[in-house]
Structure formats: C-alpha cells, structure tokens
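The values are calculated or read from the model by the stated rules, or taken from the named source; none is laboratory data. The structure displayed is predicted, hence computed values, not measured ones. Here Cβ is always computed from backbone atoms with ideal geometry, including for glycine, and neighbour counts include all displayed protein chains. Surface accessibility is based on the protein's heavy atoms, side chains included, excluding ligands, DNA and RNA. Shrake-Rupley method; radii C 1.70, N 1.55, O 1.52, S 1.80 Å.
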Amino acid sequence: MKPFLTMKRPRPSPPLSPASTSTKRKPLPPPQTPPISAKKPKPQAQWVPLNLSQSELSLPLTFPTGQTFRWKQTGRLQYTGAIGPHLLSLKHLQNGDVCYFIHSTPSESAAKLALLDFLNVGISLAKLWQVFSENDSRFTELAKHLKGARVLRQDPVECLVQFLCSSNNNIGRITKMVDFVSSLGTYLGSVCGFEFHEFPSLERLSVVSEEELRGAGFGYRAKYITGTVGVLQSKPDGGAQWLLSLRKLDLREAIDALCTLPGVGPKVAACIALFSLDQHHAIPVDTHVWQQDCYKVPPS
C-alpha cells in the first residue's frame, strides 16, 4: 500500500507594511456614475421678475410703436431683442408685471444692467403721468389708454442707422432694412424662428458699400448710411463717442449736430435725440403735419 500523503499547511504571509501596500495594491477605480445624492443640479434658466408693473412698462405700447425695429414678438405679450451682446426676452405675467429671460450673454449681471438702462427704469411714468394730467385735461383722458408707454434709451449708433432707414418709408420695409444691417453683426441666437445679432460696429459698417445696400433694397438711403458712417469714422474721438457726447448738449445743439450728418433732417434728428440721447423734450414732427392747413399761420 502506498503511504498517505500528508498536506503541509501553508505558512501565512507576513503582513504588508503600509509602504508596500501603497505600492502593490491599486486603488479601486471610482464608479462611472456617482450616486444620486452626489450629483449637483445644474442651474436652470428661468424668467426673472423685473419689478416693473404694467403701468410702468407696457410691452405692446413700447416695442411695436416705431421706436426700435429690432425687437420681435415671440409670444403673446412677449418680445425678444438684442441689447449689445445680450439676447433677452421680456413678457407680461398674468398680473401684468414684467419679467425677463436671458437667452445668451457673456455676463448675466451685465445683461441685467444693460436691460435696465435700455428701459429707462430710472424714470417713473406714474409721476410723469400725474404731472401731465394735472396740467392737461385732455391728457388725463388719454393717459387711461397709454399707461406703460415708455421711451427707450437705445444705443445712439443703432438708433441713428435705424432712423436713416425710416426716411419716407413704412414699418414693414424699415424692419427688413434694419434686419439686413443687423445681420452684419455677431450672431447671438435664434428664438421662435427669428435670428438675432449684435448690432454691427461702425468699423464693420464702414466696409459695406453703397452698391451692396442698394442691392438689398435700400434705394437712395444707401448713400445716406455709407455717407454718415464715413463722417462718424472721421470724428477725432470716434463716431460712437461723438454721438454719446450729444447727450450732454441742449436739445437745439444736439439737433443741429445731428443734422450735419448725411440724410438727417429735423424729424430724424428729433427721433434720434428722443430715443437715444436723453433729450426727452424732443418732439419729432413729420413734414406732412406742418403742411396741414390747421398748422398754417392764418393771414393777419
């Protein structure tokens, strides 16, 4: 018979030192998907209250009324537009209050400041309406239908070019022209099928030829735009800065300065002064109004 084989018990391995453990044992890889409790929710874009009631800002009485042609209606009581590099929407809540939504911006804080400046929120319409009503009984009746009709504070270059397009024109055609000029600027995004761009700088506009504008349907206004851009480019401190400086002048001086630009007459100058140069006592009057018999001085 073969003897039974005896099995030797293996000797236990000596305990590993901390140093050897760190070099010989590899740490377990982290799980590919962290536990739900460890996930941090991404900040959600949302509508933010602007703390303006409908009596201080009525969007339908402000945006589609011929002050600017760059804001589009993107919903019921909702309008979208660009302010510098910021793309924003504004809308009324059910109680009439206004809120805003930022679609794209290099800085959310800068976007809000630009929006507040653009909307002239430092001016209280309620106080103005009260003063006007106390001094004009006719305005008291009209004010019931005009609450929230706010004058915007636009960029002067943007405002100037828009109103050069408005000469002897209708809103539909003006809008198409302004859309063409706007498309020359940096693309900011699309909302409800509308594409939005930052308004082009004077440097960008200076390389657009009169022929290119005429081909886009600007007609005789093409020479006014290229001519005005050329004059502004020749200003010692730059055309944009020169236009901003007009905010510090008296209305008559500002109007006279604007009328030195090609294609700018008294009415266009008054529009630019009112909607971008803080000249709130400017009253744009169409030449056809002055031609009416009721405004003619009766013979003595």
Legend entry - Violating pairs (Cα-Cα greater than 32 angstrom) within the set LYS127/LYS267; LYS127/LYS235; LYS176/LYS235; LYS72/LYS127; LYS147/LYS248; LYS91/LYS176: LYS127/LYS235
Inset, instruction - Mind grabbing the accessible area of VAL157 for me, 1.4 Å probe, Å², rounded to tens? - result: 10
Inset, instruction - Note the full-extension length gain between ASN170 and ASP117 as 0.36 nm times their separation in residues minus their Cα-Cα distance, in nm to one decimal. - result: 16.3 nm
Inset, instruction - Starting from the amide H of THR74, placed 1.01 Å from N in the peptide plane, find each other amide H under 5 Å away whose residue is 5 or more places distant or on another chain. - result: TYR79, THR80
Legend entry - Förster radius 51 Å - calculated FRET efficiency between GLN94 and LEU244, Cβ distance, rounded to 0.05: 0.85
Inset, instruction - Give me the net charge of PHE63's neighbourhood, meaning all other residues with Cβ under 11 Å from the Cβ of PHE63; Lys, Arg count +1, Asp, Glu -1. - result: +3
Legend entry - Neighbourhood charge, 14 Å Cβ-Cβ cut-off, centred on ASN51 and excluding it, Lys, Arg +1 and Asp, Glu -1: -1
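Treating only the Cβ atoms of Lys and Arg (+1) and Asp and Glu (-1) as charged, compute the dipole magnitude of the stretch 197-283 about its Cα centre; round to the nearest 20 debye. Don't jump to the answer; show the numbers that get you there.
Values: 9 positive and 10 negative charges, 37 e Å.
For the stretch 197-283, the charge dipole is close to 180 debye.
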Legend entry - For the stretch 48-123, with +1 on Lys and Arg beta carbons and -1 on Asp and Glu, the positive-most of ASN51, TYR79, LEU119 along the dipole: TYR79
Legend entry - Amide H partners (placed H, <5 Å) of ILE83, local residues excluded: LEU88
Inset, instruction - May I ask for the net charge around THR175, where only other residues with Cβ less than 10 Å from the Cβ of THR175 are counted and Lys, Arg are +1 while Asp, Glu are -1? - result: +3
